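*Asks:* Sharing a structure with you now.
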Amino acid sequence: MKNIKPGLTLLSDALDIAFSEVPVRASIEERQLIECYGAVLRENVTANVSVPSVDNSAMDGYALRHADLKTLKGPVKVSGVSLAGHPYVGTIPKGTAIRIATGAAIPDGADCVIIQENVSANDDETIIEISDDVIARTTLNQNIRWAGEDIKAGDVILSEGMVLRPQDIAIAAGQGRGALKVSKPLSVAVFSTGDELAKPGDALPPGGIYDSNRFAMIGMLREIGCNVTDLGLLADNFDVLRNALGDAAQTHDVIMTSGGVSVGKADLLKPVVDQLGEITAWKLAIKPGKPLMRGKIGDCLVIGLPGNPVSVLVSGLLYVMPLLRHAMGALRSQTEPVRIPVCAGFDFKRGTGRREWLRARLVQNDDGVFEAVAFNSTSSGMLSSMVWADGLIELAEGCGKVSKGDTVLYLPLRGLQ
Ligand code: AMP
Ligand code: MG
C-alpha cells in the first residue's frame, strides 16, 4: 500500500470488495436465441449432438476406397452420388468412386476423397480417370472431416457467466437450441446533477453547460444490456435529490448519477445517500475519477460518479460496468479489460499513488512497430480526448515516469465493454 495516498482505495481492492458486497441480482429468464447477443449466460450449455454428426467430405470430389488405388488403372466407374442432405445409401462398390459434394456424408467403405480438380471426368460424370501422380499423392482419410471432430455430444460448449458473442449464439444454434437461460436486464435509473446543466435541445443560460454525461452513462449501460430509465437533470438541492433518489430506488436495481460527489458546498449526493441509505465506498486511487461513490438505498445499488466527463467515461468503463456485469452474473474474467503491452511513443512524468489512464492512440511507427501515443492533455474535463482516443494507457500506482520506448499497457476502448 506504500504508493497509495491515505484514504484512497486501490482499484483492484475496490473491485474485489464491490464484487463481494454486491450480489448477483439479475434474475434468470429463458430468452429466444436471436435476442441473446451480449447477454450474460446463466447455464452451462452441453452439446446434444456431435458436430459434424457424420463423417463428411471437406471438398467437392470423388470418394474412394484407399486400398483400391493400388490396383486402379484406366477409367473408374462412378457408381453413385452423395450430396449434402442427400447421402449415398449403401456401401461403395469395390473399385468404383462416388461423386461427393462438400459436407456430404462419406459413403460406407470409402476412406478418402480426391478433389474434382485432380481427376478428369466424362460429360455426365459417370466415368473418371485418375493420373498415377494423383493416386501416388492420395493418402488414407484425405479430405474427410470426422464425426465429432468439432464438438462431441456431451461436451460443455458454453459456460455459465459468459457474455454471449455472435460465435457463442451460433454454436448454440448449431445444437438446435431455440432459447437460452440468460440474465434479465438490470433496471438502471440515470440522473445528471448540477445547477449549471442544461438539456441538449434547450437554450443555454449564461454560464450554463449542456449535460453530456447522461448520454455517456446511458450509452455504456445500453452496451452491457441494461434497461435504462433516463430521469434527466437534478438541481444541486438536498430535497430535490432526496426525493428523486428515494423514488428511483423503489423501482430500480441501480441508480447511476454524475456530479455532486466531491466535497464542495453543492456536492449533496453523499449526504442524501447517507440519509436515505448507506455509503459503502468512496474515493478510489484512480485518475481520473477519484471521488467515486458506491452506496445503497434499500436493495438499490447507488453509483455516484464525479462530474467531469472523462471521469464519467473512464470510471464507468473500468469500475461501474465491470461491477454491473458481475451483478448480472458475469464471470470475473468477463469483466476484465483487455490489456496489451505496447511500446510507449511519448515521455510522461507524474506523481505516483493512483492508477492513471491516459487517452491514447495506437500508431505504427516508421519501423512498423505499434506504439501508443498519448493525448496532449490529461485534463478530465476534455471530452474531446475520449473522442480522439482509440484506447487508454494504464499507468500502475507506483509508476512515476514513462519514457519513449518503455513498455506500457494499452487498453483498446473497443475491448472495454
Ligand atoms: P462536479 O463533480 O459536480 O463538481 O462537476 C465537476 C465538473 O464537471 C464541473 O466542471 C461540471 O460543470 C462538470 N459537469 C458536471 N456534470 C456534468 C454533466 N452532466 N455534463 C457535462 N459536464 C458536467
Ligand atoms: Mg456539480
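*Asks:* Give the residues of the stretch 201-215 that are touching a residue at least 12 places away in the same chain (Cβ under 8 Å) and either in contact with an Asp or Glu (Cβ under 6 Å, 6 or more places away or on another chain) or part of a loop (DSSP other than H, G, I, E, B) (or both), sorted by residue number.
*Replies:* Answer for the stretch 201-215, where residues must be touching a residue at least 12 places away in the same chain (Cβ under 8 Å) and either in contact with an Asp or Glu (Cβ under 6 Å, 6 or more places away or on another chain) or part of a loop (DSSP other than H, G, I, E, B) (or both): Gly208, Ile209, Asp211, Ser212.
*Asks:* Also: Checking Ala330 against (1) crowded, with 21+ Cβ neighbours inside 10 Å; (2) not in a loop (DSSP other than H, G, I, E, B), only one condition comes out false. Which one?
*Replies:* Failing condition for Ala330: (2).
*Asks:* Moving on to the next point. For the condition touching a Lys or Arg at 6+ places or on another chain (Cβ under 6 Å), among the acidic types (Asp, Glu), more than 18 Å from Ile115 (Cα to Cα) and open to solvent by less than 40 Å² (accessible area, probe 1.4 Å), what is the one hit in Glu29, Glu43? Can you show your working first?
*Replies:* On the way: Glu29 fails: open to solvent by less than 40 Å² (accessible area, probe 1.4 Å).
Exactly one of Glu29, Glu43 is touching a Lys or Arg at 6+ places or on another chain (Cβ under 6 Å), among the acidic types (Asp, Glu), more than 18 Å from Ile115 (Cα to Cα) and open to solvent by less than 40 Å² (accessible area, probe 1.4 Å), namely Glu43.
*Asks:* Give Asp155, Asp168, Asp202 a once-over and let me know the one that is surrounded by fewer than 16 Cβ atoms within 10 Å (Cβ to Cβ) and more than 16 Å from ligand 1 (Cβ to nearest atom). Walk me through it before giving the result.
*Replies:* Details: Asp168 fails: surrounded by fewer than 16 Cβ atoms within 10 Å (Cβ to Cβ); Asp202 fails: more than 16 Å from ligand 1 (Cβ to nearest atom).
Being surrounded by fewer than 16 Cβ atoms within 10 Å (Cβ to Cβ) and more than 16 Å from ligand 1 (Cβ to nearest atom) holds for just one of Asp155, Asp168, Asp202, which is Asp155.
*Asks:* Shifting gears a bit: Hey, can you tell me all the residues within the stretch 266-282 that are of a type outside the set (A, V, I, L, M, F, W, C) and surrounded by 17 or more Cβ atoms within 10 Å (Cβ to Cβ)?
*Replies:* The first filter runs over the stretch 266-282 and keeps only residues of a type outside the set (A, V, I, L, M, F, W, C), leaving 267, 270-271, 274-275, 277-278, 280.
Correct list: Asp267, Lys270, Gly277.
*Asks:* Then there is this: Give the residues of the stretch 333-353 that are touching a helix residue (DSSP H, G or I) at 6+ places or on another chain (Cβ under 9 Å), in contact (Cβ under 8 Å) with a residue 40 or more places away in the chain and open to solvent by 30 Å² or more (accessible area, probe 1.4 Å), sorted by residue number.
*Replies:* Gln334, Val338, Arg339, Ile340
*Asks:* So if I check each of Ile224, Ile218, which one is without any contact (Cβ under 8 Å) to a residue 60 or more places away in the chain, more than 10 Å from ligand 1 (Cβ to nearest atom) and within 23 Å of the chain's Cα centre (by Cα)? First the steps, then the outcome.
*Replies:* Working: Ile224 fails: without any contact (Cβ under 8 Å) to a residue 60 or more places away in the chain.
From the options Ile224, Ile218, the qualifying one is Ile218.
*Asks:* Could you please let me know if Val363 is open to solvent by 30 Å² or more (accessible area, probe 1.4 Å), more than 18 Å from Ile286 (Cβ to Cβ) and within 16 Å of ligand 1 (Cβ to nearest atom)?
*Replies:* Details: open to solvent by 30 Å² or more (accessible area, probe 1.4 Å): yes; more than 18 Å from Ile286 (Cβ to Cβ): yes; within 16 Å of ligand 1 (Cβ to nearest atom): no.
Considered against the rule, which asks whether it is open to solvent by 30 Å² or more (accessible area, probe 1.4 Å), more than 18 Å from Ile286 (Cβ to Cβ) and within 16 Å of ligand 1 (Cβ to nearest atom), Val363 comes out as no.
*Asks:* Turning to a different aspect of this structure: Test Val119 against the criterion of being within 41 Å of the chain's Cα centre (by Cα) and assigned by TED's automatic domain parsing to the domain that holds Arg65, and give yes or no.
*Replies:* Values: within 41 Å of the chain's Cα centre (by Cα): no; assigned by TED's automatic domain parsing to the domain that holds Arg65: yes.
Judged against the criteria, Val119 is not a match.
*Asks:* Also, quick follow-up: Within the stretch 379-396, track down each residue that is within 19 Å of the chain's Cα centre (by Cα) and open to solvent by 50 Å² or more (accessible area, probe 1.4 Å).
*Replies:* Asp390
*Asks:* Would you kindly identify the strands (runs of 3 or more DSSP E) lying entirely within the stretch 12-99 that contain at least 1 residues that are β-branched (Val, Ile, Thr)?
*Replies:* 28-32, 76-82
*Asks:* Would you be able to tell me the number of residues in the stretch 238-265 that are part of a loop (DSSP other than H, G, I, E, B), surrounded by 15 or more Cβ atoms within 10 Å (Cβ to Cβ) and on the phi < 0 side of the Ramachandran plot?
*Replies:* Of all residues in the stretch 238-265, those part of a loop (DSSP other than H, G, I, E, B) come to 252-253, 259-265.
From what's left, surrounded by 15 or more Cβ atoms within 10 Å (Cβ to Cβ): 252-253, 259-262.
Within this subset, residues satisfying the condition of being on the phi < 0 side of the Ramachandran plot are 252-253, 261-262.
Qualifying residue count, the stretch 238-265: 4.
*Asks:* Return the total of residues in the stretch 247-297 being within 23 Å of Pro23 (Cβ to Cβ), touching a Pro at 6+ places or on another chain (Cβ under 8 Å) and away from ligand 2 (no atom under 15 Å from the Cβ).
*Replies:* 1
*Asks:* Which ones in the stretch 368-417 are of a type in the set (Ser, Thr, Tyr) and either farther than 23 Å from Asn308 by Cα or not in a strand (DSSP E or B) (or both)? It would help to see each step written out before you state the result.
*Replies:* Residues of the stretch 368-417 that are of a type in the set (Ser, Thr, Tyr), as a first pass: 377-380, 384-385, 403, 407, 410.
Within the stretch 368-417, Ser377, Thr378, Ser379, Ser380, Ser384, Ser385, Ser403, Thr407 meet the criteria.
*Asks:* Out of Ala285, Ala248, Ala281, report the one residue that is over 22 Å from Leu221 (Cβ atoms) and away from ligand 1 (no atom under 15 Å from the Cβ).
*Replies:* On the way: Ala248 fails: over 22 Å from Leu221 (Cβ atoms); Ala281 fails: over 22 Å from Leu221 (Cβ atoms).
After ruling out the rest, the residue left standing is Ala285.
*Asks:* Oh, and also: Considering only the stretch 221-234, how many residues are touching a helix residue (DSSP H, G or I) at 6+ places or on another chain (Cβ under 8 Å) and either open to solvent by 10 Å² or more (accessible area, probe 1.4 Å) or not aliphatic (A, V, I, L, M) (or both)?
*Replies:* The number of residues fulfilling the criteria is 9.
*Asks:* Within the set of pairs 6 or more residues apart or between chains, which connect a residue that is among the aromatic types (Phe, Trp, Tyr) inside the stretch 132-159 to a residue that is surrounded by 16 or more Cβ atoms within 10 Å (Cβ to Cβ) with Cβ atoms less than 8 Å apart?
*Replies:* Trp146/Pro52; Trp146/Asp55
*Asks:* Follow-up. Go through the stretch 205-215 residue by residue and tally those that are open to solvent by 40 Å² or more (accessible area, probe 1.4 Å) and either within 12 Å of ligand 1 (Cβ to nearest atom) or touching a strand residue (DSSP E or B) at 6+ places or on another chain (Cβ under 9 Å) (or both).
*Replies:* Step one: filter the stretch 205-215 for residues open to solvent by 40 Å² or more (accessible area, probe 1.4 Å), giving 205-207, 209-210, 212, 215.
Restricting the remaining residues to those that are either within 12 Å of ligand 1 (Cβ to nearest atom) or touching a strand residue (DSSP E or B) at 6+ places or on another chain (Cβ under 9 Å) (or both) gives 205, 207, 209-210, 212, 215.
The qualifying residues number 6.
The values are calculated or read from the model by the stated rules, or taken from the named source; none is laboratory data. Computed from a predicted structure; not experimentally measured. Note that each Cβ is placed from the backbone with ideal geometry, even for glycine, and that neighbours are counted across all protein chains shown. Keep in mind that these areas ignore ligands, DNA and RNA; they rest on the heavy atoms of the full protein, side chains included. Shrake-Rupley method; radii C 1.70, N 1.55, O 1.52, S 1.80 Å.
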